[in-house]
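Inspection log for the structure reproduced underneath, given as structure tokens.
Values in this text are rule-based calculations from the coordinates and carry no lab data. Not measured: the values here are computed from a predicted model. Reconstructed Cβ throughout: ideal geometry from the backbone, glycine too, with neighbour counts over all protein chains shown.
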Amino acid sequence: MPRLGVNIDHVATLREARHGIEPEPLFAALICEASGADSIVAHLREDSRHIKEGDVFLLRKAVRTMFNLEMSCAEQIVAVACKVKPDRSTLVPERRQELTTEGGLDVAGNLSRIKKVVDRLSRQGIAVSLFIDPEKKQIDAAVKSGVKMIELHTGRYADSSTQKEENRFLAQIVNAASYAKKKKLRVFAGHGLNYYNVSRISRIKEIEELNIGYSIICRAVIVGLSKAVSEMKELIK
Ligand code: PXP
């Protein structure tokens, strides 16, 4: 059974809707760990639109399972990561206007730049993973970059609009996971996974960890709403 990494970015998205102090991502991280999450994931974007630099320092101190910092290769973010020293850095592509990470990192097209960042983070004792599309070319480039682990982008599978399309994208992930394993890489996966599409991915034996954020936070709002309303009614009474 793959381990579960919970991405808590969207707890911070709610906080930033009012630029306030709640909900607190650290508090959420501790609840996730207490409920069985095997690691905590947060993405410090260059525009700090949800998770902020202060959050990652707090998370680093408090997370007891494994802290996985998602980040771009931008100099200022790499400098923060070298100070924070997460257990793992997952390098992702980043575009300012995107709603969420679109597509994997083009390792093949940017090998020397990415290798420099991998080397720099590795020297700090940080394990480095690359978030890539399920393609041979990207897996081969990941091997050349010196990483020991990759995360396969499941977004196209998750966004499929027909069963045929879903089957095709699933097959790509299955083949990529098996190819990467043969190349001696540890294989993780994530993006867009939810309560309906996770089971087909969790059956792929080479994938040892799934990283899931948005759907878990969405579900938390729905399943927690009844309790939240009852508590407020009690206070009003
Ligand atoms: N893995 C990576 C590398 C990501 O960038 C993201 C999104 O931040 C996720 C997993 C989680 O994706 P989602 O929020 O769609 O579950």
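So here's what we get for this one:
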{"item": "Three-way shape label, the chain, alpha-carbon gyration tensor, a/c 1.5", "result": "oblate"}
{"item": "Taking the stretch 116-202 and dividing mean pair separation by its residue count, relative contact order in percent (alpha carbons under 8 Å, at least six apart)", "result": "31 percent"}
{"item": "Dipole of the chain [Lys/Arg +1, Asp/Glu -1 at C-beta], most positive-end residue of Asn211, Ser122, Met232", "result": "Ser122"}
{"item": "Dipole of the stretch 1-154, positive end: most advanced residue of Val56, Val147, Met66 [Cβ charges, Cα centre]", "result": "Val147"}
{"item": "Set Lys116/Lys144; Lys116/Lys148; Lys137/Lys182; Lys115/Lys144; Lys52/Lys148; Lys52/Lys115 screened for pairs whose C-alpha atoms are more than 19 Å apart", "result": "Lys52/Lys148; Lys52/Lys115"}
{"item": "Computed magnitude of the charge dipole of the stretch 81-159 (debye, nearest 20; Cβ of K, R +1, Cβ of D, E -1)", "result": "520 debye"}
{"item": "The stretch 165-237-the stretch 1-63 distance, computed between alpha-carbon centres (Å)", "result": "16 Å"}
{"item": "Shape of the stretch 114-225, Cα gyration tensor, a/c cut at 1.5", "result": "oblate"}
{"item": "Relative contact order [Cα under 8 Å, 6+ residues apart], the stretch 122-167, whole percent", "result": "36 percent"}
{"item": "Charge dipole magnitude, Cβ of K and R +1, D and E -1 - the stretch 27-164, Cα centre, debye nearest 20", "result": "440 debye"}
{"item": "Length-normalised contact order of the chain in % [C-alpha pairs under 8 Å, at least 6 apart]", "result": "18 percent"}
{"item": "Dipole in debye (nearest 20) - the chain, about Cα centre, beta carbon charges: Lys, Arg +1; Asp, Glu -1", "result": "740 debye"}
{"item": "Crossing angle, helix 136-145 versus the chain [Cα axis fit, 0-90 degrees, rounded to tens]", "result": "90 degrees"}
{"item": "Cα pair count fraction exceeding 21 Å, expressed as % - the stretch 10-123", "result": "38 percent"}
{"item": "Cα-only Debye scattering, the stretch 21-85: base-10 log of I(q)/I(0) at q = 0.21, 0.22 Å⁻¹", "result": "-0.83, -0.90"}
